[in-house]
Amino acid sequence: MTDLNGQFFWHELMTSDPQAALAFYTDVVGWTTMPFGEDGGYTLVVGSAGPLGGVMAIPEEAKDCGMTPWWGGYIASADVDADAARLVAAGGSIRRPAEDIDGVGRFAVMGDPGGATFMLLKGSSPDGMESPPPMAMGHVGWRELYSGNFDADLAFYTGQFGWTTGDAMDMGEMGIYQLVSQTGGSDFQSMSGGIMPIPKEMPAPLWLFYFTVGDIDAAVERVKAGGGTLLNGPMEVPGGSWIVQAFDPHGAMFALVGTRAEAGEGT
């Protein structure tokens, strides 16, 4: 069993139309789905290495507070209450205090120093989960924080979760893009995400998750055909992969990472 403490390991879409969202993402990303729970209100999404997240309707109380469709990430915790208190002392905040979910585990909703939201979760199953292979199809291949406080957030995630840093790339007016590893490595192959200052076009800090697909151009066509909106890309990134960023038909921001057949032909 992989020790996932301190790592993003589960990803969840809260949306205004779960069934339509599931149809969109299963086509775009290639997931299969599995119902979870007796009421049918939560659906698991499954990539090539197993379940990676779930889709559910935005709760009524969250709608009343202005929540719109979004992807959230859960960081594994051995002790949610203790970790929440430790993170607050380090400059984070508690958005929703720790509570239990029957048959799932204990979770809390947190904010980092710059204002981005993430969740802590300790699963109730003693078996835990295995980390998927790098760039496994359908799974999250990259995580990117658009930070509201770059220096404080970088210190927060590295200091509190044991993440390590790789290269820092100067992106000019956009600031520094800092590569980070959730697993403690320092070489490029071990990097699992990046942190950068929030662009002026974005309304609020957030974590963006990149789902792994095959051919990026074919995936772009599926996004468009399904009613999604392309924001950026396809764009080549270090390592030879290609990325796109998009909104789904209901307004949740997501991203894809894949390959390009023409890339090896000099086009």
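In this entry, A78 is excluded by the filter for residues that are in a helix (DSSP H, G or I), exposed (fewer than 15 other Cβ atoms within 10 Å of the Cβ) and aliphatic (A, V, I, L, M). A Cβ distance below 8 Å, combined with a sequence gap of six or more or placement on separate chains, defines the contacts here; from segment 180-194, residues that are touching a residue at least 40 places away in the same chain (Cβ under 8 Å) reach residues that are open to solvent by 20 Å² or more (accessible area, probe 1.4 Å) and of a type in the set (V, I, T) in the pairs S192/T183. If the Cβ limit is 6 Å and pairs must be 6+ apart or interchain, which residue in segment 199-215 that is farther than 18 Å from E173 by Cα pairs with which residue that is surrounded by 20 or more Cβ atoms within 10 Å (Cβ to Cβ) and among the basic types (K, R)? Listed by first residue and then by second, the contacts come to F209/R143. Among the residues of segment 128-147, is there at least one that is in contact (Cβ under 8 Å) with a residue 12 or more places away in the chain, surrounded by fewer than 16 Cβ atoms within 10 Å (Cβ to Cβ) and farther than 24 Å from V257 by Cα? Yes, there is a match, as at least one residue in segment 128-147 is in contact (Cβ under 8 Å) with a residue 12 or more places away in the chain, surrounded by fewer than 16 Cβ atoms within 10 Å (Cβ to Cβ) and farther than 24 Å from V257 by Cα.
Can you pull out the residues in segment 211-224 that are in a strand (DSSP E or B) and surrounded by fewer than 22 Cβ atoms within 10 Å (Cβ to Cβ)?
Correct list: G214, D215.
Selection of first residues in segment 242-263 that are open to solvent by 10 Å² or more (accessible area, probe 1.4 Å) and of second residues that are part of a helix (DSSP H, G or I) and among the aromatic types (F, W, Y), restricted to Cβ pairs under 8 Å at least 6 apart or on distinct chains, gives the following pairs, ordered by first then second residue: P249/F24.
Table: residues versus (1) modelled with pLDDT under 95; (2) under 19 Å from P205 (Cα atoms); (3) in a loop (DSSP other than H, G, I, E, B); (4) not assigned by the TED database to the domain that holds A252.
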residue	(1), (2), (3), (4)
P97	no, no, no, yes
P113	no, yes, yes, yes
M119	no, yes, no, yes
E130	yes, no, yes, yes
P134	yes, no, yes, yes
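Restricting attention to segment 156-187, the residues that are of a type in the set (A, V, I, L, M, F, W, C), open to solvent by less than 50 Å² (accessible area, probe 1.4 Å) and outside any strand (DSSP E or B) add up to 3.
Against the conditions (1) in the same structural domain as P238 (by the TED database); (2) among the hydrophobic types (A, V, I, L, M, F, W, C); (3) in a loop (DSSP other than H, G, I, E, B), A152 satisfies every one except (3).
The values are calculated or read from the model by the stated rules, or taken from the named source; none is laboratory data. As the structure is a computational prediction, the values presented were derived from the model and not from experiment. Neighbour counts run over all protein chains shown; Cβ positions are idealised from the backbone, glycine included. For the accessible areas, the whole protein counts, side chains as well, though only heavy atoms, and no ligand, DNA or RNA atoms are used. Shrake-Rupley method; radii C 1.70, N 1.55, O 1.52, S 1.80 Å.
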